[in-house]
1. With a ≥ b ≥ c the root eigenvalues of the C-alpha gyration tensor of the range B:10-69, is it rounded (a/c under 1.5), prolate (a/b larger than b/c) or oblate?
2. Kindly write out, for the range A:81-94 in residue order, the coupling ³J(HN,Hα) from the Karplus curve 6.51 cos²θ - 1.76 cosθ + 1.60 (θ = phi - 60°), rounded to whole Hz, with x marking Gly and Pro.
3. Counting partner chain Cβ atoms within 10 Å of every residue's Cβ in B:44-50, what's the average?
4. Report, as an integer, the average count of C-beta atoms from other chains found within 10 Å of each Cβ along A:47-58.
5. Averaged across A:160-166, how many Cβ atoms of other chains sit within 10 Å of each residue's Cβ atom?
6. Fewest Cβ neighbours within 10 Å first, please rank A:167, A:203 accordingly.
7. Counting only residues 5 or more places away or on other chains, whose amide H sits under 5 Å from the amide H of residue B:21 once H atoms are built in the peptide plane?
8. In whole Hz, with x marking every Gly and Pro, tabulate ³J(HN,Hα) for the range A:179-186 from phi via Karplus 6.51 cos²θ - 1.76 cosθ + 1.60, θ = phi - 60°.
Amino acid sequence: MHGHVWCMGTPYQPVAGIQRTATYEDPLVDLDFDACIRGDAAAWQAFCDQTIRLVAASIRRVCPTGRTPAGEEIDDLVQAVYIKILRNDRRLLRNYDPNRSSVSTWITLIARSVAIDALRRKTLDLRPIDEAHGAVQGESYGASIGPVIPIHLLTARQRLILTMLFEDGMEIAEVATALDVNPQTIRSSKHKAMERLRSHFKEYGVGDAPPSDSVEPRDRT
Amino acid sequence: MNDQEPILTDLERQLREEGWRWSDSPQMPSEADLAAWVSQPSESDAVESLLAADATWRRALVDMRLNELASETNVPADLLEQITLLMPEPPAVLARIGGWALAAAACILLAIAGWQLGTDIASERSMDNPLAIATFGLSDDIDDGNSFLVLSTDSAEATR
């Protein structure tokens, strides 16, 4: 297993030591986001008090040892989560939409985002500074020897399905459950994607780079 | 196709064994988009492009979809206190009210001063204007600005 992945545990299996609730109901329904945005101290204190345990648990799920490869501890990452929430005039609080997700899911995402960034800081320090804003630099532990596939050749859904089937080794049923679709939909998407790839490689040859300006090593972990 | 014993084509076998590379890196979607994808069964090109390219994010989000969110864990009291102090204190209420009151008072004073200044300048100009004095009979002795409207029996014009 590579550097940061050891913290994740085996994919799709419970991480040892983490307690699970049988059913999860969002208790974070009475948080006053507007008051927090205005800077109300009491509202912010209530927000922190009700979310901090979930934040800590979410970070610990990504880093079960309690420490990142760079030496940061869970408490540091928890604090980083709330700093991120307050950054840029409380941008994340302002942009939260209760119609799109629950508060629990939303803040769990933020916590995991901070934790993932922290896990990658060790390896990113060894690389040249990337000035590209917003571009995802997936970790690479040795470039894949396989062919280069143009990103526009397949839809995002097709790319994801193939990745889950071929790279993660998931079964059709598991992918269907993860994407909340019928297994037959997965088979159909896979078939269409493979047909497109065959046509493409038949024209360009497997392993030949298509006319493209950038080739990025992908995350193979 | 039988999922238990898949018949692999040459291309599929190659992709499984050798892997592949995508030609471009996706942009990072917002936390709101990621949370929405976890919460609702919907397609999102931005999110699924990220998941197809980034194994860490893919595992994290699929884990959140398939399993319950992590249950809460205890945290030190001093950590909660530190986080609570992250919120900057807003200015005092009295200070905010005082500021607005001061601004309003300044505007009123400026308005009064401007009106008074304008009145004084107009009066001084009218006193310095001989034509105005001759026409309207204005003089320093007159303390009523409207007296030129009073019909004077001694005025030459009154006899016309």
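1. It comes out prolate by the Cα gyration axes.
2. Per residue, the Karplus-derived 3J(HN,Hα) values read 4, 6, 4, 5, 5, 8, 5, 6, 6, 6, 4, 5, 5, 5 Hz.
3. That works out to 4 on average.
4. Averaged over the peptide's residues, the number is 5.
5. 6
6. Final ranking by Cβ density, sparse to dense: A:203, A:167.
7. HN-HN under 5 Å from residue B:21: A:148, A:149.
8. So the Karplus estimates, Gly and Pro as x, are 9, 6, 9, 6, x, 5, 4, 5 Hz.
The numbers here are math on the coordinates, done by the rules we state, and not lab data. Just so it is clear, the structure is predicted and the values come from calculations on it, not from any experiment. FYI the Cβ positions are ideal-geometry reconstructions off the backbone, even for glycines, and counts take in every protein chain you see.
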